[in-house]
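Novice: For reference, the structure I am asking about is given below.
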There are 4 protein chains.
Amino acid sequence: MKTIRIGIIGAGRIGKIHADNLLRLPQTEIVAISDLFAGPELEAWAAARGIRHTTKQTNEIIANPDIDAVFICSSTDTHVPLIIQAAQAGKHIFCEKPVSMDIVQTAEAIEAVRQARVKLQIGFNRRFDHNFKRVRELVQNGTVGSPHIVKITSRDPNPPHPDYVKVSGGIFMDMMIHDFDMARFVTGSEVEEVFAQGGVLIDPVFADHGDVDTAIVTLRFSNGALGVIDNSRKAVYGYDQRVEVFGSKGSVAIHNDHPNTAEISTAEGIMRDKPMNFFLERYNDAYIEETQQFIESLLEDKPLAVEGNDGLQAEKIALAAKLSSQLNRPVKIGEIPELYNQTLELA
Amino acid sequence: MKTIRIGIIGAGRIGKIHADNLLRLPQTEIVAISDLFAGPELEAWAAARGIRHTTKQTNEIIANPDIDAVFICSSTDTHVPLIIQAAQAGKHIFCEKPVSMDIVQTAEAIEAVRQARVKLQIGFNRRFDHNFKRVRELVQNGTVGSPHIVKITSRDPNPPHPDYVKVSGGIFMDMMIHDFDMARFVTGSEVEEVFAQGGVLIDPVFADHGDVDTAIVTLRFSNGALGVIDNSRKAVYGYDQRVEVFGSKGSVAIHNDHPNTAEISTAEGIMRDKPMNFFLERYNDAYIEETQQFIESLLEDKPLAVEGNDGLQAEKIALAAKLSSQLNRPVKIGEIPELYNQTLELA
Amino acid sequence: MKTIRIGIIGAGRIGKIHADNLLRLPQTEIVAISDLFAGPELEAWAAARGIRHTTKQTNEIIANPDIDAVFICSSTDTHVPLIIQAAQAGKHIFCEKPVSMDIVQTAEAIEAVRQARVKLQIGFNRRFDHNFKRVRELVQNGTVGSPHIVKITSRDPNPPHPDYVKVSGGIFMDMMIHDFDMARFVTGSEVEEVFAQGGVLIDPVFADHGDVDTAIVTLRFSNGALGVIDNSRKAVYGYDQRVEVFGSKGSVAIHNDHPNTAEISTAEGIMRDKPMNFFLERYNDAYIEETQQFIESLLEDKPLAVEGNDGLQAEKIALAAKLSSQLNRPVKIGEIPELYNQTLELA
Amino acid sequence: MKTIRIGIIGAGRIGKIHADNLLRLPQTEIVAISDLFAGPELEAWAAARGIRHTTKQTNEIIANPDIDAVFICSSTDTHVPLIIQAAQAGKHIFCEKPVSMDIVQTAEAIEAVRQARVKLQIGFNRRFDHNFKRVRELVQNGTVGSPHIVKITSRDPNPPHPDYVKVSGGIFMDMMIHDFDMARFVTGSEVEEVFAQGGVLIDPVFADHGDVDTAIVTLRFSNGALGVIDNSRKAVYGYDQRVEVFGSKGSVAIHNDHPNTAEISTAEGIMRDKPMNFFLERYNDAYIEETQQFIESLLEDKPLAVEGNDGLQAEKIALAAKLSSQLNRPVKIGEIPELYNQTLELA
């Protein structure tokens, strides 16, 4: 029985989640885990899981001939160089989203992967969620007919820490990028044009960093469909994750997942508990499924469920949305290279 | 164009509702209304509606040759004599439920109606409700297959006034009688045996009058199906009216009607407004429909949607339930005549 | 007891509905009804309702001194002249939406009403709907906090007849105008800027008349909130009428009304019946309520629930949306006068 | 770090599930697994999980000094002797439900456990389910007030194999026993009297073995509350698992869990996917939680969530229900010993 030997780069929250999920898979072995802040704490954590090697040196992962695949879970700015190095070392790669904040660099990373003939899966975990998979299925099997209108709602229960706002890349690249991928995933169509509107309605800290906390983006797809995404950094009732695809033969709408189905009736009204709290809880099963499918793709040499190009396309749409918001006009994805250069010149 | 000329006996809450609903029907004219407490107030009320004649004398309604049909909305103890008189006077009759507290008298009233060849509709308003009609339809068109289990929930928002408890006839005859009729209506089958359990959990006043405020009754139908009805005199969240029919090919479950569809999400949870308040509001449209169908049956000489026998059968089941509760054993509907006589002897 | 004497202009579908709803109101009398095609059929219809006078001559309504208020239910192009004439004749006015296709003329009509000191209510019936009133209430009483995102979905079960497409004024003026009013109604805030995207995805007949059948419009409100409206001329599952307001303290979402609450479970899945069919059925109670409130405002000299200015504002937004769609850029409501003139010059 | 060393008796479906769930727990080690049909297949299965010892001999589990606790997952008739042996060998015990078909033997097993001062947890997995835990919580924290009415629905998607019907112990002992435990669990009150009605509506094979396939049982609780349970061996729409507790301050109702939240709207109606298929899928998380809590109770010497007495009480109620169904009269739990002896004499 073949085993995929894994090295994990980055032992933050998401790196540890992937590690725990990988440990459940029979044909997987975690060989080593690296982190800038590796030390006794990480060692203890690793030991409890039978992971023998911890290190501060990324290179000890990349250069290790006993490692078949790496999980890149370090900060976004390290993704591209690590992908290139890992690809050149012949490792398969799972990389968290976004690949980078810079579509030229993302494209370079993808090119390196292509040349090395390794596999690269991007961490768009929502593609593996029971609800959103069902939407895609109902579009693909024709139940809703040709998509006409796509609506995606994605609202976080709480804004990120102010320190993170500064380096997040902004709402479009940090948060809505998931929804751009979802739009492509559920429709099976490319986005051609976007128009973005944003506002600072929750916390002025977003304005301080040239960011917004509330945004609506409309999309025009290559198959003629229209779409709209709304994001908020703060929904007091909890994590709000919905999608609706309306088409010529019907529609499918996803409601939130709740921790239970209890309907509580009192003199005040009819109540149910708030949706599942946040992404780690809400997408717990999707995270498990995404690692599982990555490992299966390696074991059976099957196509990946999310490829490098999916990461690149979502980044392009995010960039277009950001520019649209700044220029207050619709931006075509096809304009991105040119606008991108202008933006660089202006900066 | 033929017109049905109506006399209303009893100008309480329900009599006035029927009057208002009749006024909306083009081929209907209300000729007179009688009430024990008729006076200037009723006269003003009638005048505002173009009803010319008000009286304290029931006989002025019964004997009036210009009246085709009477609505009997007076107290339950007057129903049987009024039905008999009206039938003998050749009037068609709409009578509120129950016909009487005494199945022998109810049977006599029905016999008088049969002999006079007039029509008698009983006020089982719920048969005309959009939800329950849909249940019956789905049973009759075979969607749920053969019924196996029927569940009926009926809970009032508040107990009746203590004075009423004394004369109500008890929970089975006063409140659950609607559900016994519903059980027959949705299944299209007769009840053969009942077992009733009751408790005084809300207010000791019920115990003072030999009554209960909470009850569960199981039913065995002639087609083999089983059923259960639960009643409570007080549901703090409002009027609770649900039915479920489970069968060999599926099930249909009715949820409550609400005043709006708003889903309100706050930091406390996900809330919706309480169900529609009580029967006058909840069954407003059903009351309109029941008068309309009665008038149509007269105009077009069509079979009635609820006949005298429906009233009698529901009363028999109510009586069986009451006896079952007292004897703490299942009671067959077939035992009723004998048990009924014993009860009379004991009393 | 004071009575409002009504004249109805236009005996098409909506004129007849208003007539029937007015007939239910005790302090209202319909004196006359006019229609271009008045004849024996209309006479019979009127006679059955006790309306004594029918005519082809609008002027017989306007000039009749026994009429206090007129309902203008004739074709859109007649609204402005009729409003002006009726106002000058001292009649109160109920006018169907839109007042006109031309904001300058609409403004003139409003000015005539102001000068005549009569009341003018616009037929935005959805403001009187149980669901949407509840949304407004929850915004106004602070339950959802400051509005951040407003989402309105409005989809018809079937496209209008091709002949109507030609004269409809286009999706923004004919259909989405209700949603523009709804956006103002639920938020209590003015729209400052719109961006509209449309597509012809259902039937090429829309393209033939320079119209679209599917549209998404984003809104920026003066209080900083963002909004989005989506319209489709054809939803196979029926009339789809939803609103969501998301704010700093929570959100309220309206789901569709259904003809019953039955949940039907079979081997195929869990099903419920389609939403209420179309606007006449879905907004039946709202139409009743809108006439009732209009009459009450006249009887008690109270402010109207929808005024002329509400009609004008919605038309301005509709025009801005139409221009945005043509220019493929966001359009500020403040730009309308200038753009409007340019458009006239170009035409 | 302390570790609980486990032996599993019975490697059927449920034994393997418990094994897999135990393997996920860090402080647990599965030492051996026994099965009547142990052989190469089981060896391979065990090897893949790092379980070194498989055997046909139950005694190799019971007598193994390296085993702290046993999971009894063999056929019901072996439970009592195995519990007694394991208890006498000083092992803690997890035993599947029912402990036995004979309440005297069950009581003996519990007594052996008591004398040996070991822990015995019964496999009432539903107590660990997210939905039902929430019901109990809302009763215990007073949200619903004093319970008045408890309603439990439990319907299987498909009847068991005819061979199983013969040895199942009947619907009350095999299937409804879960619901009897649920009734005690959610109310925190004991059942005092039951009345059971059953029918053979699905398959005559049940009649052949003196069993029924459809049943309704009403309950009277010691705190005065009333309850009703309905069971069916075949719900074509899938596994139906609902509970409702109605009390003086409100009610809580549990709806089914579904594989996704998709609402699919087509020309046919509004549809959602059927509930989760059957108990292994539906209660997957509950099975994990039940082993986890058992292990925690051992590690921390904490009270168990389900004890031997819970098994005994549920069996008593099941026996009372069976007798009630046969005698067609309500049966008090207090009558069981006497009725039980009569039954034995009759047999």
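Novice: Restricting attention to region D:163-181, and to residues there that are over 16 Å from D:S232 (Cβ atoms) and open to solvent by less than 60 Å² (accessible area, probe 1.4 Å), which single residue is farthest from the chain's Cα centre (by Cα)?
Specialist: First, pick out the residues of region D:163-181 that are over 16 Å from D:S232 (Cβ atoms): D:163-164, D:166-167, D:169, D:173, D:180-181.
After this cut, where a residue has to be open to solvent by less than 60 Å² (accessible area, probe 1.4 Å) as well, the list is D:169, D:173, D:180-181.
Details: D:G169: 14, D:M173: 10, D:F180: 10, D:D181: 8 Å.
Going through the qualifying residues, I end up with D:G169.
Novice: Taking the stated definitions as given, is A:R117 under 14 Å from the mean Cα position of the chain (by Cα) and of a type outside the set (G, A, S)?
Specialist: Working: under 14 Å from the mean Cα position of the chain (by Cα): no; of a type outside the set (G, A, S): yes.
Answer is no for this residue.
Novice: Where residues in region C:185-233 are out of contact with any helix residue (DSSP H, G or I) (no Cβ under 9 Å at 6 or more places or on another chain) and of a type in the set (A, V, I, L, M, F, W, C), which of them is nearest to A:E193 (Cα to Cα)?
Specialist: It comes out as C:I216.
Novice: Here is a follow-up. A:Q27 passes all but one of (1) buried (at least 20 other Cβ atoms within 10 Å of the Cβ); (2) of a type in the set (S, T, N, Q); (3) more than 30 Å from A:N341 (Cα to Cα); which number fails?
Specialist: (1)
A quick yes/no check of all residues on (1) under 23 Å from the mean Cα position of the chain (by Cα); (2) surrounded by fewer than 19 Cβ atoms within 10 Å (Cβ to Cβ):
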| site | (1), (2) |
| --- | --- |
| D:S34 | yes, no |
| D:N59 | no, yes |
| D:T78 | yes, yes |
| D:K91 | yes, no |
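Novice: Identify, from the list B:A11, B:A112, the residue that is crowded, with 17+ Cβ neighbours inside 10 Å and free of Cβ contacts under 8 Å to residues at least 60 places away in the same chain.
Specialist: Working: B:A11 fails: free of Cβ contacts under 8 Å to residues at least 60 places away in the same chain.
It is B:A112.
Novice: Of the residues A:E289, A:E300, which is surrounded by fewer than 22 Cβ atoms within 10 Å (Cβ to Cβ) and touching a residue at least 60 places away in the same chain (Cβ under 8 Å)?
Specialist: A:E289
Novice: Enumerate the pairs (first residue in region B:227-239 and within 14 Å of chain A (Cβ to nearest Cβ) and of a type outside the set (S, T, Y); second residue anywhere and open to solvent by 10 Å² or more (accessible area, probe 1.4 Å) and assigned to a strand (DSSP E or B)) with beta-carbon separation below 7 Å, excluding pairs fewer than 6 apart on the same chain, so at least 6 apart or on different chains.
Specialist: Close Cβ pairs satisfying both conditions: B:V236/A:T266.
Novice: Please go through region B:212-222 and pick out each residue that is facing another protein chain (nearest Cβ under 8 Å) and among the hydroxyl-bearing types (S, T, Y). Give the steps one after another, and end with the answer.
Specialist: Of all residues in region B:212-222, those facing another protein chain (nearest Cβ under 8 Å) come to B:214-216, B:218, B:220.
B:T214, B:T218 - these are the residues of region B:212-222 that are facing another protein chain (nearest Cβ under 8 Å) and among the hydroxyl-bearing types (S, T, Y).
Novice: Moving on to the next point. Please specify each residue of region C:282-308 satisfying the condition of being more than 23 Å from C:R155 (Cα to Cα) and either small (G, A, S) or in the same structural domain as C:M101 (by TED's automatic domain parsing) (or both).
Specialist: Within region C:282-308, C:S297, C:A305, C:G308 qualify.
Novice: I've got another one for you. Quick check on my filter: what residues within region B:115-161 are open to solvent by 40 Å² or more (accessible area, probe 1.4 Å) and over 27 Å from B:I93 (Cβ atoms)?
Specialist: We begin by selecting, within region B:115-161, every residue open to solvent by 40 Å² or more (accessible area, probe 1.4 Å); these are B:115, B:117, B:130, B:133-134, B:136-137, B:140-141, B:143, B:146, B:158-159, B:161.
Those that are open to solvent by 40 Å² or more (accessible area, probe 1.4 Å) and over 27 Å from B:I93 (Cβ atoms): B:R134, B:E137, B:Q140, B:N141, B:T143, B:S146, B:N158, B:P159, B:H161.
Novice: A:I122 passes all but one of (1) within 14 Å of chain D (Cβ to nearest Cβ); (2) touching a strand residue (DSSP E or B) at 6+ places or on another chain (Cβ under 7 Å); (3) closer than 26 Å to A:I84 by Cα; which number fails?
Specialist: The one condition A:I122 does not meet is (1).
Novice: Looking at (1) within 23 Å of the chain's Cα centre (by Cα); (2) on the phi > 0 side of the Ramachandran plot; (3) not aliphatic (A, V, I, L, M), can you tell me which one A:G145 breaks?
Specialist: (1)
Novice: Still on this structure, please answer the following. Only one of A:A262, A:A215, A:A235, A:A267 is within 21 Å of the chain's Cα centre (by Cα), of a type outside the set (K, R) and within 30 Å of D:S251 (Cα to Cα). Can you tell me which?
Specialist: Details: A:A262 fails: within 21 Å of the chain's Cα centre (by Cα); A:A215 fails: within 30 Å of D:S251 (Cα to Cα); A:A267 fails: within 21 Å of the chain's Cα centre (by Cα).
On inspection, the qualifying residue turns out to be A:A235.
Novice: Could I ask something else about it? Working only within region C:247-268, note down all residues that are within 7 Å of another protein chain (Cβ to nearest Cβ), more than 21 Å from B:R242 (Cβ to Cβ) and either in a loop (DSSP other than H, G, I, E, B) or open to solvent by less than 10 Å² (accessible area, probe 1.4 Å) (or both).
Specialist: If the condition is that a residue be within 7 Å of another protein chain (Cβ to nearest Cβ), more than 21 Å from B:R242 (Cβ to Cβ) and either in a loop (DSSP other than H, G, I, E, B) or open to solvent by less than 10 Å² (accessible area, probe 1.4 Å) (or both), then C:K249, C:G250, C:S251, C:V252, C:I254, C:A267 are the ones that fit.
Novice: For region D:182-211, how many residues meet the condition of being part of a loop (DSSP other than H, G, I, E, B) and either surrounded by fewer than 16 Cβ atoms within 10 Å (Cβ to Cβ) or at the interface with another protein chain (Cβ under 10 Å from one of its Cβ atoms) (or both)? Steps first, please.
Specialist: So in region D:182-211, the residues part of a loop (DSSP other than H, G, I, E, B) come out as D:188-190, D:200-204, D:209-211.
When the remaining residues are screened for being either surrounded by fewer than 16 Cβ atoms within 10 Å (Cβ to Cβ) or at the interface with another protein chain (Cβ under 10 Å from one of its Cβ atoms) (or both), the result is D:188, D:190, D:200-204, D:209-210.
The total comes to 9.
Novice: Also, I was wondering about something else. Within region D:324-339, take every residue that is in contact (Cβ under 8 Å) with a residue 60 or more places away in the chain and open to solvent by less than 30 Å² (accessible area, probe 1.4 Å) and give me the one that is farthest from the other protein chains (Cβ to nearest Cβ).
Specialist: D:I336
Novice: Another question about this same structure. For region A:145-181, what are the residues that are part of a helix (DSSP H, G or I) and over 25 Å from A:N125 (Cβ atoms)? Explain how you work it out, then say what you get.
Specialist: Of region A:145-181, the ones part of a helix (DSSP H, G or I) are A:162-167, A:171-174, A:176-181.
Within region A:145-181, just A:P162 meets the criteria.
Novice: Then there is this: Of all the residues that make up region A:155-176, how many are within 13 Å of chain C (Cβ to nearest Cβ) and either closer than 18 Å to A:F246 by Cβ or of a type in the set (A, V, I, L, M) (or both)?
Specialist: Count: 1.
Novice: From the residues in region A:269-285 that are away from chain B (no Cβ under 13 Å) and either among the basic types (K, R) or assigned to a loop (DSSP other than H, G, I, E, B) (or both), which one is most open to solvent (accessible area, probe 1.4 Å)?
Specialist: In the first step, residues of region A:269-285 are kept if they are away from chain B (no Cβ under 13 Å); the result is A:278-285.
With the extra rule that they be either among the basic types (K, R) or assigned to a loop (DSSP other than H, G, I, E, B) (or both), the set shrinks to A:278, A:282-283.
Values: A:F278: 61, A:R282: 15, A:Y283: 0 Å².
In this case the residue turns out to be A:F278.
Novice: Could you grab me the full set of residues in region D:125-142 that are more than 10 Å from every other protein chain (Cβ to nearest Cβ) and either over 16 Å from the mean Cα position of the chain (by Cα) or farther than 29 Å from C:T266 by Cβ (or both)? Lay out the reasoning, then the answer.
Specialist: Of region D:125-142, the ones more than 10 Å from every other protein chain (Cβ to nearest Cβ) are D:125-128, D:136, D:139-142.
Scanning region D:125-142 gives D:R127, D:F128, D:R136, D:V139, D:Q140, D:N141, D:G142.
The values are calculated or read from the model by the stated rules, or taken from the named source; none is laboratory data. Bear in mind the structure is a predicted one, so any value in this text is a computation, not a measurement. Neighbour counts are summed over all protein chains in view; Cβ atoms, including those assigned to glycine, are modelled from backbone coordinates with ideal geometry. In case anyone asks, the SASA skips ligands and DNA or RNA and just uses the protein heavy atoms, side chains included. Shrake-Rupley method; radii C 1.70, N 1.55, O 1.52, S 1.80 Å.
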